[in-house]
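Just below is one structure, and these are the notes that go with it.
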Amino acid sequence: GRLEETRAVINKVNDAFQDPELTTFVCVCIPEFLSIFETERLVQELSKFGIDSHNIVVNQVLFPEKDAEELGDWLDANKASLPKEAQEICSKMMARKKMQDKYIGQCFDLYGDDFNVTLMPLLDYEVRGVEKLKLFSESLIDPIDLEAS
């Protein structure tokens, strides 16, 4: 009785998960080694079970429309005019940006041809509440065009 009912529900859910017309899994990571590594493991596991996961969102990206070299050129040209504390802040930001660019590159190498990879910017506020969620979702629907930047 009850076991058969539970089995029927599990089978129905499993069928829905394996139907890409009904279900797709969006993997979300940040541009750091462990997160990219765990995302790859997740993609492999989902694939084993026939679950569509052809969307990757890379969240908290520093200036996704610019690369580290472009920002570095600006910093080199302007560093001397900045106060010492601002120079230190910019240096730390540049180190983080270079690291992120490396992992974003790996992400595109791994998924670029077969997956929809979307970069989401690091925001200066927390996404909480309906209005901020709407703004955030607009960036997901109409992401930054990296080719145009």
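Taken together, the values in this text are just the output of simple stated rules run on the coordinates, not laboratory data. Just so it is clear, the model here is predicted, and its values are computed rather than measured. Reconstructed Cβ throughout: ideal geometry from the backbone, glycine too, with neighbour counts over all protein chains shown.
Close Lys pairs in the chain (alpha-carbon distance under 25 Å; sequence gap of 8 or more, or different chains): 18. Compared with the dominant Cα axis of the chain, that is its longest principal axis, helix 2-17 is turned about 40°. Angle between the Cα long axis of helix 130-141 and the longest principal axis of the chain, 0 to 90 degrees, nearest 10? Orientation of helix 130-141: about 90 degrees from the principal axis.
Convert 10 °C to kelvin, take the viscosity as 1.306 mPa s, use the Kirkwood radius over C-alpha pairs of the range 93-141 as Rh, and evaluate the Stokes-Einstein diffusion coefficient in µm²/s, rounded to a whole number. It comes out at roughly 124 µm²/s. Checking (1) 1.15; (2) 1.00; (3) 1.12 against Rg/Rh (Cα atoms, Kirkwood Rh) calculated from these atoms, the matching label is (3). Overall shape of the range 1-75 was characterised from the C-alpha gyration tensor. The equivalent ellipsoid obtained from it has semi-axes of 40, 12, 9 Å, in decreasing order.
Relative to the longest principal axis of the Cα atoms of the chain, helix 84-111 runs at roughly 40 degrees.
The calculated Kirkwood hydrodynamic radius for the range 62-149 is 15.0 Å, given to one decimal from all distinct C-alpha pairs. For the range 102-149, a simple Cβ point-charge model (Lys and Arg +1, Asp and Glu -1, everything else neutral) yields a dipole of about 260 debye relative to the Cα centre.
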